[in-house]
Structure formats: structure tokens, C-alpha cells
Amino acid sequence: MPKTVLTPQSEDFPRWYQDVVAKAELADNGPVRGTMVIRPYGYAIWERMQADMDRRIKEAGAKNAYFPLFIPESYLTREAEHVEGFSPELAVVTHAGGKELEEKVVVRPTSETVIGEYMAKWTQSYRDLPLLLNQWANVVRWEMRPRVFLRTSEFLWQEGHTAHATEAEARAYARRIHADVYAVFMREILAMPVVLGSKTARERFAGATNTLALEAMMRDGKALQMGTSHELGQNFAKAFDITYLSEQSRQETCWTTSWGTSTRMLGGLIMCHGDDAGLRVPPRLAPVQALVLVVKDGEGVVAAAEQLVSDLLARGVRAELDARVDTPFGRRAVDAALKGIPVRVEVGPRDLAEGSVTVARRVAGDKTAVPLGGVVDSVTSALDEDHGTLYAAALAHQQANTSAVTTLGEAAEAARTGWATIPWSTLGTEGEATLAESAVTVRCLTMPDGSVPGSEDDEGVLAVVGRAY
């Protein structure tokens, strides 16, 4: 493995994270406190997340739309619990065009209210249902303790909003997004194991009747909420008069959902898979899957490297050429490792004279001499294998650092370095409040078999507790 210039994870994990973000050229701090500038390589990873997630959302029947960044303050006050939940995070515009506004305008923290207004306008009959919408946008939540990708005052996300004729249909759709879109995406593309569960009343989204969450364990044992799907009951539908005429010619109130994932997934990717050499990007996600490096110029070297890139592209591998021989090879190899590029193909005069090249794998950490004729097969095989290797390593880490406990004291102790699972009937709301005093939260409620409970009163419900980002 090439040497790198990162703070070791074991020495200072937060500093390691900041080092990776900066030195892998993922993002910079923005000019306003709490904002971020996503650099081209970081944005390329986000674009691939976005494209695959967008495909899955559309397969679930939702269609993309766009709603305004600015929301009248009066919209938020219609759903009292919602505005109370977001009040500390709101950015409010009071002046524009050189004048004080007659009504304050909120910069969207989420769009339930403005989309609810238009759902009411567009929904007249049962024939208009279900109404399944999604938008890719930015949102603003004023953060007191910002951290790039994890908590920033402005971030990018997708937010889905749907209206249904019945509670059962809304619940089924919220769970479909949770399990069949988000969880599968995180396993198949991000190579990240996630625990699926529901939030407690204390942790539930403001205005929701039920919040479904996906929790992932980072390398330091802390939890990161990777996405949520909310059942909103009829709270927003009643506030915004989202109604329809049923087949029986009765005026009925809709049942709604909302759900979202964000650029926080990039932070999760870094902290779940990264090591002391930098990022390790899952091959299915990587913008560059194979980087062909010219080690040193020589007769036929660049031509051979260019041909390898062409051959890899022809097999569907996202490959690029690095022929910058005026930059030391060692520096370029370290940069490739920092960025987590899954495979490097190193082409130099000496190896080429022997009819071979060196294939270096970021995940496995090995380097192998491979005959020129076998490079494409070797690379594609490594890409297929390394996705599974990353997932298996992350799952083993999660399992090794999750303890089954039976007392509040044991749960608090386990949460110092990882997670604990404890029967919800033992913990309860009082135990949850006690743990919260020491910054330990119930990440979600789940069943012993990993399924999502229908209710927190179901027999056997477990609380997953830990410290979180």
C-alpha cells in the first residue's frame, strides 16, 4: 500500500476524516460558516449516487418535479409540530429588493408544506391518486456544529412526497421506499450494511406518525442515519386540505408520506470504508474504476497504456489514463489511493518488455504482475470481488461492535465504543431519556430478525442504541 499523509484513524478519527475530505479533493469549506463547496471528484461520486437512486425512485413510480426554494412563513405555521421541530434551524428572509417583506419567507428546510399546498391543488378525485413526487434540490438547516457532508447549513438531497387514498397504501409505500429503494441501494451500490427500523416518538420526524430509518456503523463505532422514510398520517393533509372525491362520491382526506437521502451518504461512505490510506470507493460506485498509470515513459509505453484504456472501456469498465510522467509516479499512486480508485494498472518500460503490467487493488491492497492479454479479465474480476469484500468487512465490523445487553448500565457502556441492542420493554422512554443525558440515543427500534416492527408495543422489539453523528 502506498504511503500517505493522513492522520491515522486510531490517533484522531475526526482529524482523519477532515484530512480525507481535503486531500482526496472531495470538498472545501464554503465562504459562509456551515456551507461547503463540493469539488469535482466529490461531485462525481454524488452524481453516480444520484443517478442510481433516481432510477430506483422512478421504478417505484415517483416522478420528478421541482418546487420553490422560498416558502411563505405562514405555510410552516399550519402544521404546529412541524414548525416547532424546525424552528431552531430555519433561515428566514425578512428583506428583499431593498424593502422589508410583508410576510417573512423561509428558506426551505424540507418541502412538506409547499408541496402540500400544490398536492391540494392537483388532487381532486380518487383517479388522481396515488400522487407520487420526488425532487432533487438543496435545503437549508442552520447548523451550530457543522461538519462537511455530515452536517452543513446547506446540503443536497432528494425528497419524495406522496399522497394516497388510504392509510394502508401510504404505509406500504413508505416501507417500499425504505426497504426496496434505500436499503437495497446502500447494500448494492454503497456496499454498506444498514439496520432497518423505526424511530421512537422522541426521535421521530416533526409532524410524522412514524419514521423509518436506516442506520450504518462508522469505523469509530458511531452511528450515521443514512436515510429516512416518514408516514405523515393525515397531519399535513388536514393542514393543507389535501382531499379527494372517492368512488362513492364522498370527500375524503388523503394520507401522505415523505422520504429523503442526502449528501450525508458521502460522509458515510468515507467513514464506513476508509482506511489510513484514504477512501475506498466501492467499484460499482466509483467514477473511475481503473486508472491506467504510465510509470515512466519509454518506447511504446504510452501507446500500450492507451490501448489498455480502450480495451477496458470496451468491456464497460470506467477507465482513465494518467500519463503525467512529469509528476513523480509515487505521488500519483498515493493520490489514486487517497481517492479510493479501486484498481490501478501500472505500465512501465521494464514490465512491458516482459509482456506484462502491474495490477494494484485498493481494497485487497495487493499488487500482481499480469500478462498484457489478461489485464481486462483481471480488472473486471477484481471489481466484482472487491464490492463483496467491502460489504463483508463493514458487516463484520458492525457485528463485532454490537453487544446484546439487558440493563441500562450495560447499554451505556457498550455505546462508548459501538452499539448495544436492548429490549425496548426494558429500556422504555425513561431509559431512553436517561441515555440521552450522556449523548447516547436510540437509533431505531427493530426486531430480532432484522425486520421493522409494526409498533413499538410488538413483542420482542429491540432498541439499537449508540452515539451518532
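Just so you know, all these numbers are worked out from the coordinates, no wet-lab data involved. Note that the structure is a prediction, hence the values are computed from the model and not measured. Cβ: placed from backbone, ideal geometry, glycine included. Neighbour counts: every protein chain shown.
If you take the square roots of the eigenvalues of the alpha-carbon gyration tensor of region 1-48 and sort them as a ≥ b ≥ c, do you get rounded (a/c under 1.5), prolate (a/b over b/c) or oblate?
Verdict is oblate for region 1-48.
Only one of the values (i) 23.0, 88; (ii) 22.6, 71; (iii) 24.7, 82 was calculated from this structure for Rg and Dmax of the Cα atoms in Å; name its label.
Computed from the coordinates, Rg and Dmax of the Cα atoms in Å corresponds to (iii).
Tilt of helix 424-436 relative to the longest C-alpha principal axis of the chain, in degrees (0 to 90, nearest 10)?
80
Rounded to the nearest 10 degrees, what's the angle between the helix 375-400 long axis and the longest principal axis of the chain, both from Cα atoms, 0 to 90?
Around 50 degrees separate the two axes.
Reachable aspartates and glutamates from Lys296, Cα under 20 Å, same-chain residues fewer than 8 places away excluded?
Filter leaves Glu306, Glu320, Asp322, Asp326, Asp335, Glu346, Asp351, Glu354.
What shape does region 1-129 take by its C-alpha gyration tensor, where a ≥ b ≥ c are the square roots of the eigenvalues and a/c under 1.5 counts as rounded, a/b above b/c as prolate, and the rest as oblate?
Oblate, since a/c reaches 1.5 and b/c is not below a/b.
On a 0 to 90 degree scale, rounded to 10, what angle separates helix 112-122 from the longest Cα axis of the chain?
Helix 112-122 sits roughly 70 degrees off the main axis of the chain.
With respect to the cross-link table entries Lys99/Lys199; Lys58/Lys367; Lys58/Lys339; Lys23/Lys58, which display a Cα-Cα separation exceeding 32 Å?
With Cα atoms farther than 32 Å apart: Lys99/Lys199; Lys58/Lys367; Lys23/Lys58.
Given 0.36 nm per residue, what is the gain on full extension from Glu188 to Val93 after removing their alpha carbon distance, in nm?
Working it through step by step, the gained length comes to 30.1 nm.
With labels modelled as points extended 7 Å from the Cα through the Cβ direction, what inter-label distance (nm, one decimal) is found for Arg176 paired with Arg151?
In this crude label model, Arg176 to Arg151 measures out at 3.5 nm.
With charges set only on the Cβ (+1 for Lys and Arg, -1 for Asp and Glu), what does the dipole of region 121-243 come to about its Cα centre, in debye to the nearest 20?
For region 121-243, the charge dipole is close to 320 debye.
Using 0.36 nm per residue, how much length does the chain from Val325 to Glu306 gain when fully extended, once their Cα-Cα distance is taken away?
Once the chain is fully extended between Val325 and Glu306, it gains 5.4 nm.
If we sort 94-100, 338-344, 235-241 on the protection proxy, mean other Cβ atoms within 10 Å, highest first, what's the order?
My ranking of the peptides, most packed first, is 338-344, 235-241, 94-100.
If you stretched the chain out fully between Asp276 and Glu413, how much longer would it get, using 0.36 nm times the residue separation minus the C-alpha to C-alpha distance?
Between Asp276 and Glu413, full extension yields an extra 46.6 nm.
List the lysines whose alpha-carbon lies under 24 Å from that of Lys104, not counting same-chain residues fewer than 8 positions away?
Lys121, Lys238
If the only charges are +1 at each Lys and Arg Cβ and -1 at each Asp and Glu Cβ, what is the size of the charge dipole of the chain around the Cα centre, to the nearest 20 debye?
760
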